[in-house]
1. First measure r as the distance between the Cβ atoms of H61 and A36, then evaluate 1/(1 + (r/R0)^6) with R0 = 25 Å and state the FRET efficiency to the nearest 0.05.
2. Once the range 27-140 is represented by equal point scatterers at the alpha-carbon sites, with solvent omitted, what log10 I(q)/I(0) does the Debye formula produce at q = 0.10, 0.21 Å⁻¹?
3. HN-Hα J couplings of the range 128-140 from phi, Karplus 6.51/-1.76/1.60, θ = phi - 60°, integer Hz, Gly and Pro as x?
4. I need the shape label for the range 46-100. Rule: rounded when a/c is under 1.5, else prolate if a/b > b/c, else oblate, with a, b, c from the alpha carbon gyration tensor.
5. Summing Lys, Arg as +1 and Asp, Glu as -1, what charge do residues with Cβ under 10 Å from the Cβ of N46 carry, N46 excluded?
6. Could you work out Rg/(2.2 N^0.38 Å) for the range 100-140, with Rg from alpha carbons only?
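Nothing in this text is a laboratory measurement; each read-out follows from the coordinates by a stated rule. From a predicted model like this one, the values you see are computed outputs, not experimental measurements. As a convention, Cβ positions derive from the backbone with ideal geometry for all residues, glycine included, and neighbour counts pool all protein chains shown.
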Amino acid sequence: MPSARLETMERRHATVFAKDVERLTPMEKTARSHMAAIAIAYVPTNSGSRYLQQLCKHWAHNLPVEFTASQGTIIFSRSARGADWPGDAVVKMIAHAKMLECLINATAEGQRDGLKKAIARHLDRFAFREAPLSFDWTDG
């Protein structure tokens, strides 16, 4: 059962994805134009900042990435790995004291579902001492 704080955060991020475009970075605004499939997970860990930075550095070799110690944004190209999605997908991660928040904003359900698997697989690799991490995805 999610805590009241987590439920509040879910509502806040649903609002960001649905309405609050002003708060998005220019990179997110560009990739967001065809978004339709959303997912969010709150991953319990005390090392969210470390994992966020490791994952962003890893993907920065091939993808547009912006990150700080507390949040990161990764743009997955619509044609990544030979795919042909309607548009790019945006993954945003936010590190909290006791969890890592992972938000996927994709253009199709298949794209979103593939990203869920990729994020979990990569984070489990970086969090090998804690793996497998708990990903309880909520689709929106």
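1. 0.35
2. Rounded to two decimals, the profile gives -0.25, -1.15.
3. For the range 128-140, the Karplus curve yields 4, 6, 9, 4, x, 6, 8, 10, 10, 6, 10, 7, x Hz.
4. prolate
5. Residues near N46 contribute +1 overall.
6. 1.20
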